1. Within the stretch 149-170, work out how many residues are of a type in the set (Gly, Ala, Ser) and in contact (Cβ under 8 Å) with a residue 40 or more places away in the chain.
2. How many of the residues in the stretch 94-127 are outside any loop (DSSP other than H, G, I, E, B), under 13 Å from the mean Cα position of the chain (by Cα) and within 14 Å of Asp53 (Cα to Cα)?
3. Given the conditions (1) of a type in the set (A, V, I, L, M); (2) open to solvent by less than 10 Å² (accessible area, probe 1.4 Å); (3) in a helix (DSSP H, G or I), which single one is not true for Leu46?
4. Filtering the stretch 26-43 down to residues that are more than 14 Å from Ala10 (Cα to Cα) and crowded, with 16+ Cβ neighbours inside 10 Å, which residue is modelled with the lowest pLDDT?
5. Got a sec? Which of Glu90, Glu124 is at pLDDT 90 or above, among the acidic types (Asp, Glu) and open to solvent by 30 Å² or more (accessible area, probe 1.4 Å)?
6. Please identify the pairs in which a residue from the stretch 104-132 that is basic (Lys, Arg) has its Cβ atom under 8 Å from the Cβ atom of a residue that is assigned to a loop (DSSP other than H, G, I, E, B), counting only partners at least 6 apart or on another chain.
7. Taking the stretch 68-86, which residues are closer than 18 Å to Val147 by Cβ, open to solvent by less than 10 Å² (accessible area, probe 1.4 Å) and in contact with a strand residue (DSSP E or B) (Cβ under 9 Å, 6 or more places away or on another chain)?
8. Applying the selection to the stretch 166-183, what residues are within 19 Å of Val64 (Cβ to Cβ) and either open to solvent by 50 Å² or more (accessible area, probe 1.4 Å) or not in a loop (DSSP other than H, G, I, E, B) (or both)?
Amino acid sequence: MTTSFRLVIADDHPLFRGALREAVCRQFPAVELFEAGGFEDLQGLLERESDIDLVLLDLSMPGVRGFSGLMYLRAQYPGVPVVVVSAHEEAGVIRSCMEFGASGFIPKTASVDTMRAAVAAVLEGRTWTPPDIDLSGATDKEGQALVARLATLTPQQVRVLMMLSEGLLNKQIAYELGVSEATVKAHVSAILQKLGVESRTQAVIAAAKIEGGNWAQATG
(Lines give C-alpha, C1' and ligand atoms only; values in the text may rest on other atoms or scores of the structure.)
Protein backbone atom coordinates (compact mmCIF):
# COMPACT_ATOMS: atom_id res chain seq x y z
CA MET A 1 0.00 0.00 0.00
CA THR A 2 1.63 3.25 -1.16
CA THR A 3 -1.13 5.61 -0.07
CA SER A 4 -0.04 8.21 2.49
CA PHE A 5 -1.56 7.81 5.95
CA ARG A 6 -1.39 9.80 9.19
CA LEU A 7 -1.10 7.49 12.21
CA VAL A 8 -0.69 8.02 15.95
CA ILE A 9 1.08 5.56 18.25
CA ALA A 10 -0.02 6.17 21.86
CA ASP A 11 2.00 4.07 24.31
CA ASP A 12 4.08 4.97 27.35
CA HIS A 13 6.83 2.45 26.55
CA PRO A 14 9.42 3.97 24.14
CA LEU A 15 10.75 0.55 23.10
CA PHE A 16 7.31 -0.70 22.09
CA ARG A 17 6.55 2.58 20.28
CA GLY A 18 9.78 1.99 18.36
CA ALA A 19 8.79 -1.57 17.45
CA LEU A 20 5.36 -0.41 16.25
CA ARG A 21 6.93 2.48 14.36
CA GLU A 22 9.28 0.13 12.52
CA ALA A 23 6.46 -2.28 11.67
CA VAL A 24 4.21 0.48 10.33
CA CYS A 25 6.92 2.35 8.40
CA ARG A 26 8.08 -0.78 6.59
CA GLN A 27 4.50 -1.55 5.54
CA PHE A 28 3.61 2.05 4.61
CA PRO A 29 6.71 4.00 3.49
CA ALA A 30 4.68 7.18 2.92
CA VAL A 31 3.16 7.17 6.43
CA GLU A 32 3.25 10.31 8.59
CA LEU A 33 3.68 9.05 12.14
CA PHE A 34 3.01 10.82 15.45
CA GLU A 35 3.77 9.50 18.93
CA ALA A 36 2.32 10.15 22.39
CA GLY A 37 3.62 8.77 25.69
CA GLY A 38 0.61 9.74 27.80
CA PHE A 39 -3.07 10.46 27.34
CA GLU A 40 -2.67 14.20 27.85
CA ASP A 41 -0.07 14.24 25.06
CA LEU A 42 -2.46 12.27 22.86
CA GLN A 43 -5.31 14.73 23.50
CA GLY A 44 -3.09 17.70 22.62
CA LEU A 45 -1.85 15.97 19.48
CA LEU A 46 -5.36 15.18 18.24
CA GLU A 47 -6.45 18.76 18.90
CA ARG A 48 -3.52 20.10 16.85
CA GLU A 49 -3.49 17.62 13.98
CA SER A 50 -6.35 17.01 11.58
CA ASP A 51 -7.13 14.12 9.26
CA ILE A 52 -5.64 11.40 11.48
CA ASP A 53 -6.37 8.05 9.83
CA LEU A 54 -5.75 5.75 12.80
CA VAL A 55 -4.81 5.77 16.49
CA LEU A 56 -2.93 2.78 17.91
CA LEU A 57 -3.84 2.98 21.60
CA ASP A 58 -2.32 1.30 24.64
CA LEU A 59 -5.06 0.48 27.16
CA SER A 60 -2.96 1.64 30.10
CA MET A 61 -0.81 4.77 30.08
CA PRO A 62 -0.47 7.88 32.25
CA GLY A 63 -3.83 9.67 32.38
CA VAL A 64 -6.19 6.76 31.70
CA ARG A 65 -7.63 3.76 33.49
CA GLY A 66 -9.11 0.63 31.99
CA PHE A 67 -11.22 1.45 28.94
CA SER A 68 -11.57 5.16 29.76
CA GLY A 69 -9.10 6.28 27.08
CA LEU A 70 -10.92 4.30 24.39
CA MET A 71 -14.29 5.60 25.65
CA TYR A 72 -13.04 9.18 25.47
CA LEU A 73 -11.58 8.87 21.96
CA ARG A 74 -14.70 7.26 20.53
CA ALA A 75 -16.88 10.00 22.06
CA GLN A 76 -14.62 12.93 21.15
CA TYR A 77 -13.35 11.73 17.75
CA PRO A 78 -15.97 9.31 16.39
CA GLY A 79 -14.55 9.54 12.87
CA VAL A 80 -11.04 8.40 13.84
CA PRO A 81 -10.57 4.60 13.97
CA VAL A 82 -8.87 3.29 17.12
CA VAL A 83 -6.98 0.01 17.38
CA VAL A 84 -6.14 -1.13 20.90
CA VAL A 85 -2.62 -2.53 21.24
CA SER A 86 -2.34 -4.25 24.60
CA ALA A 87 -0.75 -6.99 26.69
CA HIS A 88 -4.11 -7.36 28.45
CA GLU A 89 -5.42 -9.81 25.88
CA GLU A 90 -8.13 -11.92 27.51
CA ALA A 91 -11.15 -12.62 25.30
CA GLY A 92 -13.45 -10.61 27.58
CA VAL A 93 -11.22 -7.55 27.36
CA ILE A 94 -11.07 -7.80 23.57
CA ARG A 95 -14.87 -8.13 23.37
CA SER A 96 -15.29 -5.04 25.57
CA CYS A 97 -12.86 -3.04 23.41
CA MET A 98 -14.85 -3.89 20.30
CA GLU A 99 -18.14 -3.09 22.08
CA PHE A 100 -16.73 0.32 23.01
CA GLY A 101 -16.10 1.00 19.32
CA ALA A 102 -12.51 -0.09 18.68
CA SER A 103 -11.79 -1.02 15.08
CA GLY A 104 -9.34 -3.70 16.12
CA PHE A 105 -7.26 -5.27 18.86
CA ILE A 106 -3.59 -6.22 18.50
CA PRO A 107 -1.93 -8.24 21.30
CA LYS A 108 1.50 -6.93 22.22
CA THR A 109 2.73 -10.51 21.83
CA ALA A 110 1.78 -10.44 18.11
CA SER A 111 4.48 -10.80 15.48
CA VAL A 112 5.49 -7.83 13.34
CA ASP A 113 3.77 -9.42 10.33
CA THR A 114 0.55 -9.79 12.32
CA MET A 115 0.71 -6.15 13.43
CA ARG A 116 1.15 -5.05 9.82
CA ALA A 117 -1.76 -7.19 8.65
CA ALA A 118 -4.00 -5.79 11.39
CA VAL A 119 -3.13 -2.16 10.62
CA ALA A 120 -3.61 -2.75 6.88
CA ALA A 121 -7.03 -4.33 7.48
CA VAL A 122 -8.28 -1.40 9.56
CA LEU A 123 -6.95 1.19 7.10
CA GLU A 124 -8.92 -0.66 4.42
CA GLY A 125 -12.07 -0.12 6.50
CA ARG A 126 -12.31 -3.57 8.07
CA THR A 127 -12.09 -4.65 11.71
CA TRP A 128 -9.38 -6.97 13.03
CA THR A 129 -9.14 -9.19 16.10
CA PRO A 130 -6.70 -12.05 16.83
CA PRO A 131 -7.91 -15.05 14.80
CA ASP A 132 -6.53 -17.48 17.41
CA ILE A 133 -8.64 -16.05 20.29
CA ASP A 134 -12.23 -17.26 20.59
CA LEU A 135 -14.50 -14.24 21.08
CA SER A 136 -17.75 -16.21 20.87
CA GLY A 137 -17.96 -16.93 24.60
CA ALA A 138 -21.06 -16.59 26.74
CA THR A 139 -22.67 -13.17 26.50
CA ASP A 140 -22.83 -11.18 29.72
CA LYS A 141 -26.11 -9.31 29.21
CA GLU A 142 -25.63 -7.17 32.31
CA GLY A 143 -22.12 -6.25 31.22
CA GLN A 144 -23.27 -5.46 27.68
CA ALA A 145 -26.01 -3.20 29.04
CA LEU A 146 -23.46 -1.36 31.18
CA VAL A 147 -21.12 -0.95 28.20
CA ALA A 148 -24.03 0.53 26.24
CA ARG A 149 -24.78 2.98 29.06
CA LEU A 150 -21.12 4.00 29.42
CA ALA A 151 -20.95 4.54 25.66
CA THR A 152 -23.64 7.26 25.97
CA LEU A 153 -21.36 9.48 28.08
CA THR A 154 -20.06 12.65 26.44
CA PRO A 155 -16.30 13.23 26.21
CA GLN A 156 -16.41 15.59 29.20
CA GLN A 157 -18.49 13.12 31.22
CA VAL A 158 -15.93 10.41 30.48
CA ARG A 159 -13.18 12.69 31.80
CA VAL A 160 -15.20 13.42 34.94
CA LEU A 161 -15.80 9.69 35.51
CA MET A 162 -12.06 9.04 35.08
CA MET A 163 -11.35 11.65 37.76
CA LEU A 164 -14.04 10.25 40.06
CA SER A 165 -12.30 6.88 39.71
CA GLU A 166 -9.10 8.54 40.90
CA GLY A 167 -10.89 9.80 44.01
CA LEU A 168 -10.89 13.50 43.10
CA LEU A 169 -13.40 15.85 44.73
CA ASN A 170 -15.70 18.12 42.69
CA LYS A 171 -13.55 21.19 43.37
CA GLN A 172 -10.42 19.32 42.25
CA ILE A 173 -12.15 18.14 39.07
CA ALA A 174 -13.36 21.71 38.43
CA TYR A 175 -9.79 23.00 38.75
CA GLU A 176 -8.39 20.32 36.43
CA LEU A 177 -11.03 20.94 33.76
CA GLY A 178 -11.12 24.73 34.14
CA VAL A 179 -14.85 24.79 34.83
CA SER A 180 -17.07 25.72 37.80
CA GLU A 181 -18.02 23.30 40.57
CA ALA A 182 -21.65 23.71 39.47
CA THR A 183 -20.69 22.42 36.02
CA VAL A 184 -18.95 19.42 37.56
CA LYS A 185 -22.00 18.69 39.71
CA ALA A 186 -24.16 18.79 36.59
CA HIS A 187 -21.81 16.33 34.85
CA VAL A 188 -21.85 14.00 37.88
CA SER A 189 -25.66 14.10 37.97
CA ALA A 190 -25.81 13.25 34.25
CA ILE A 191 -23.34 10.39 34.73
CA LEU A 192 -25.42 8.91 37.58
CA GLN A 193 -28.58 9.16 35.50
CA LYS A 194 -27.01 7.57 32.41
CA LEU A 195 -25.48 4.73 34.43
CA GLY A 196 -28.64 4.17 36.46
CA VAL A 197 -26.91 4.58 39.84
CA GLU A 198 -27.50 6.82 42.84
CA SER A 199 -24.04 7.86 44.01
CA ARG A 200 -20.58 8.68 42.67
CA THR A 201 -19.23 5.60 44.49
CA GLN A 202 -21.75 3.41 42.64
CA ALA A 203 -20.71 5.06 39.37
CA VAL A 204 -17.06 4.14 39.96
CA ILE A 205 -18.06 0.59 40.95
CA ALA A 206 -20.21 0.28 37.81
CA ALA A 207 -17.32 1.40 35.64
CA ALA A 208 -15.00 -1.06 37.42
CA LYS A 209 -17.35 -3.96 36.59
CA ILE A 210 -16.50 -3.56 32.92
CA GLU A 211 -13.13 -5.09 33.62
CA GLY A 212 -14.12 -7.54 36.28
CA GLY A 213 -13.39 -5.01 38.99
CA ASN A 214 -9.94 -4.14 37.66
CA TRP A 215 -10.74 -0.74 36.12
CA ALA A 216 -7.70 0.79 37.81
CA GLN A 217 -5.41 -2.15 37.19
CA ALA A 218 -5.61 -2.82 33.45
CA THR A 219 -2.12 -3.63 32.25
CA GLY A 220 -1.02 -2.11 28.98
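The values are calculated or read from the model by the stated rules, or taken from the named source; none is laboratory data. It should be emphasised that the depicted structure is a prediction, and the values quoted were computed from it without experimental measurement. All Cβ positions, glycine included, derive from the backbone under ideal geometry; neighbour counts span all protein chains shown. The protein model used for the area step is the full one, side chains on, heavy atoms only, and it has no ligands, DNA or RNA in it. Shrake-Rupley method; radii C 1.70, N 1.55, O 1.52, S 1.80 Å.
1. Going residue by residue through the stretch 149-170, those that are of a type in the set (Gly, Ala, Ser) are 151, 165, 167.
Subsequent filtering for residues that are in contact (Cβ under 8 Å) with a residue 40 or more places away in the chain retains 151, 165.
The total comes to 2.
2. Residues meeting the conditions: 1.
3. Single failed check for Leu46: (2).
4. Gln27
5. Numbers: Glu90 fails: at pLDDT 90 or above.
Only one candidate passes the filter, namely Glu124.
6. As it stands, the answer is Lys108/Ala87; Lys108/Glu89; Lys108/Gly220, since those pairs meet every condition given.
7. Residues satisfying the conditions are Gly69, Leu70, Leu73, Val82, Val84, Ser86.
8. Residues of the stretch 166-183 within 19 Å of Val64 (Cβ to Cβ): 166-168, 172-173, 176-177.
Glu166, Gly167, Gln172, Ile173, Glu176, Leu177, listed by residue number.
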